[in-house]
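Asks: Please see the structure below; I have some questions.
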Amino acid sequence: MFNTTANKITMFRIVLIPVFLVLAYTGHLYTALAVYIIACLSDVADGYIARHCNQVSDFGKFMDPLADKMLVLSAMCFFVENGQMPGWCVAIVLFREFAVSGLRLIAVEQGRVIAAAWSGKLKTGCTMVGLSAMMLFSEVEMVNIIFTVLILITTVGSGINYFWVNRDVFKC
């Protein structure tokens, strides 16, 4: 399970989430931002290592996207509580995540695996960069608005893309 470097990096990202939250909630925003950026970069690193060093595993396929969601949603919850993002934005992100996960489950029942799409990778990248910017410029309301809108557009767009490209999953 944890026998690959890629999986160890994924688990490291999960361990960083409570560290990030403690730092953020105790007002150490720049240190929290540094931890958040390290966690985001670990996503790039574990994906690269898994693909290029032949370390792709079922555990990694499951835990890597879960770790991303846990990291991003933790940061978004902090921003909601901090008044930088409306709660309904997090609800939309959660709805998309549950919907795409449900789509994947239906596909698996049909013997099909839905791989990560470019739109999902774009959504994750924009979300991670956007949340970093919101942390860095926490006092600038326009930054919060711009990145919240960007996160919503890429989230909804990627969700629509997943369902459109895989619409045949619903045919009888």
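The values are calculated or read from the model by the stated rules, or taken from the named source; none is laboratory data. Remember, it's a predicted structure, so these values are computed and weren't measured experimentally. So basically every Cβ, Gly included, is an ideal-geometry build from the backbone, and we count neighbours across all protein chains shown. What goes into the accessible areas is simple: the full protein's heavy atoms, side chains included, and nothing from ligands, DNA or RNA. Shrake-Rupley method; radii C 1.70, N 1.55, O 1.52, S 1.80 Å.
Asks: PRE reach from ILE153 (point 7 Å along Cα→Cβ): which of the range 105-134 fall under 19 Å by backbone N?
Replies: What the label zone holds, given the 19 Å backbone N cut-off, is 118-134.
Asks: Below 8 Å between Cα atoms, with a sequence gap of 6+, how large is the relative contact order for the range 8-87 in percent?
Replies: Relative contact order for the range 8-87 comes out at 37 percent.
Asks: Now a separate question. Quick check: pseudo-label points 7 Å beyond the Cα along Cα→Cβ at VAL80 and LEU66, how many nm apart are they?
Replies: Going from the VAL80 label point to the LEU66 one covers 2.1 nm.
Asks: Apply the Karplus curve 6.51 cos²θ - 1.76 cosθ + 1.60, θ = phi - 60°, to the phi angles in the range 142-156 and return the couplings in whole Hz, x for Gly and Pro.
Replies: Values, residue by residue: 5, 5, 4, 5, 4, 6, 5, 5, 4, 4, 5, 4, 5, 5, 5 Hz.
Asks: Among 103-112, 16-25, what's the highest-first ranking by average C-beta atoms within 10 angstrom per residue?
Replies: Sorting 103-112, 16-25 by mean packing, highest first, produces 16-25, 103-112.
Asks: Under a straight-distance cross-link criterion of Cα-Cα below 20 Å, which lysines are reachable from LYS121, leaving out those fewer than 8 residues away in the same chain?
Replies: Counting by Cα, and skipping residues close in sequence, LYS121 has these lysines nearby: LYS61, LYS69.
Asks: Rounded to the nearest 0.05, what FRET efficiency is calculated for ILE38 and PHE170 with R0 set to 41 Å and r the Cβ-Cβ distance?
Replies: 0.55
Asks: Positive end of the charge dipole of the chain (Lys, Arg +1 and Asp, Glu -1 on Cβ, about the Cα centre): tell me which of PRO65, TRP164, PHE12 has its Cα farthest that way.
Replies: TRP164
Asks: So how exposed is SER57, as accessible area in Å² (1.4 Å probe, rounded to 10)?
Replies: Probe radius 1.4 Å; accessible area of SER57 about 30 Å².
Asks: Once you have a ≥ b ≥ c as the square roots of the Cα gyration tensor eigenvalues for the chain, tell me rounded if a/c is under 1.5, and otherwise prolate or oblate according to whether a/b is larger than b/c.
Replies: Since a/c reaches 1.5 but b/c is at least a/b, the shape of the chain is classed as oblate.
Asks: About its Cα centre, what dipole magnitude does the chain give when the only charges are +1 on Lys and Arg Cβ and -1 on Asp and Glu Cβ, stated in debye to the nearest 20?
Replies: Details: 12 positive and 11 negative charges, 104 e Å.
Magnitude of the dipole: close to 500 debye.
Asks: Name all residues of the range 36-58 having a backbone nitrogen under 16 Å from the label point set 7 Å from the Cα of VAL113 along its Cα→Cβ direction, giving them as ranges.
Replies: Counting only backbone N, you get 47-48, 50-58.
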